[in-house]
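What follows is a set of notes on a single structure, which appears directly below.
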Amino acid sequence: MMDKNEELIDQKQLAEDIASKIKYAFLDFFLVKPLDPIKVKKEFSVPVDTTIKKDENGIEAQDFKEVSTEVKEVDSDFRQGVVVKVPMYYNDREEKDKHVNVGDIVVFKDTAGQWFDLVKNTRLLREYDILGVVK
């Protein structure tokens, strides 16, 4: 069984191999392969079902005065992905200004960027879409 560090090394090697085979050079976008969704536990308020009552006009209504809290495991609003290509303009920067490299695992809002269907299961992200780098 692989530990997390081995998985990250494998992702980096895989990303570098994939990057060398992609014929596109992006001016302003990072090409990222999203990883599986992150699961988080969230609390939800759920109404407690009560009996149906009729009011003075004979209209039936349910009264939901009471609520209970349920904890459910759901997909996070954020996602991780492996950087497959960095933009040409980003490569022109000095080394001290670069914080994201091919093979890095980054965090981004799940709704950020746009899907890039010319390279299977990849997404184009701008630099400001990337919220952080997993260390």
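Every read-out reported here was derived from the displayed coordinates using simple, explicitly stated rules and does not represent laboratory data. Quick caveat, the model's predicted, so the values are computed rather than measured. Don't worry about glycine lacking a Cβ; one is built from the backbone with ideal geometry, like all the others, and counts go over all protein chains shown.
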Using θ = phi - 60° and Karplus 6.51 cos²θ - 1.76 cosθ + 1.60, couplings along segment 31-42 (whole Hz; Gly, Pro as x): 9, 10, 9, x, 8, 4, x, 8, 9, 9, 9, 10
Sites residue 67 and residue 110 - FRET efficiency at Förster radius 35 Å, r taken between beta-carbons, to 0.05: 0.80
Flagged links, alpha-carbon separation over 22 Å, of 23/109; 21/85; 85/109; 39/135; 41/120: 23/109; 41/120
Pairwise label distance in nanometres, residue 35 with residue 54, each label 7 Å out on the Cα-Cβ vector: 6.0
The chain: calculated mean residue ellipticity at 222 nm from DSSP helix runs of at least 4, using -39500 (n - 2.57): -5000 deg cm²/dmol
Gain in span if fully extended, residue 96 to residue 24, counting 0.36 nm per residue against the direct Cα distance: 23.4 nm
Contact order relative to length of segment 11-135, as percent, for alpha carbon pairs under 8 angstrom and 6 or more apart: 32
Among (i) 11, 31, 23, 11, 10, 9, 5, 1; (ii) 12, 44, 35, 9, 0; (iii) 11, 33, 27, 17, 9, 3, 1, the entry derived from the coordinates for P(r) over Cα pairs in 10 Å bins from 0, in percent: (i)
Under-5 Å amide H pairs with residue 122, H placed in peptide plane, nonlocal only: 116
